[in-house]
Amino acid sequence: MNDPIFTTANTLMDAPPHSKILYSPGPHDTRILLCECSNQEVIRGEAAWKRFQPDFEQDTCRCLDCEATSPLSYHDNPRRHFRTL
């Protein structure tokens, strides 16, 4: 079938579930990125990310472990580290 409506509906049904990468402040002036694939990294100061490629201007991040590019989800409360993910 080459019906555009059928093709669009079929593509949407096959799409993977929505994922995200969590970005949060951590204790002692650290920053944390956490992917739903369980990849995580904590950096301090001006250190470069080694397990992620974040694009804070576009609010996206590439996880180098699962190779997915996902939207960033900001968590600004350092006392609740990732309990809601």
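Restricting LYS50, LYS20 to residues that are closer than 14 Å to SER70 by Cβ and charged (D, E, K, R) narrows the list to LYS20.
Filtering region 9-32 down to residues that are of a type outside the set (A, V, I, L, M) and open to solvent by 80 Å² or more (accessible area, probe 1.4 Å), which residue is modelled with the lowest pLDDT? So the residue we want is THR11.
Of everything in region 72-85, what is more than 15 Å from ARG31 (Cα to Cα) and either modelled with pLDDT of 95 or more or among the aliphatic types (A, V, I, L, M) (or both)? Give them in sequence order.
Taking region 72-85 and keeping what is more than 15 Å from ARG31 (Cα to Cα), we get 83-85.
Residue satisfying the conditions is LEU85 alone.
Residues that are in a strand (DSSP E or B) and open to solvent by 30 Å² or more (accessible area, probe 1.4 Å) within region 33-72 comprise GLN40, VAL42, ARG44, GLN53, PRO54, ASP55, THR60, ARG62, THR69, PRO71, listed in sequence order.
The values are calculated or read from the model by the stated rules, or taken from the named source; none is laboratory data. Since the structure is predicted, the reported quantities are computational estimates derived from the model, not experimental observations. In this analysis, Cβ positions are derived from the backbone assuming ideal geometry, glycine residues included, and neighbour counts consider all displayed protein chains. Protein only, heavy atoms only, side chains kept; ligands, DNA and RNA dropped before computing areas. Shrake-Rupley method; radii C 1.70, N 1.55, O 1.52, S 1.80 Å.
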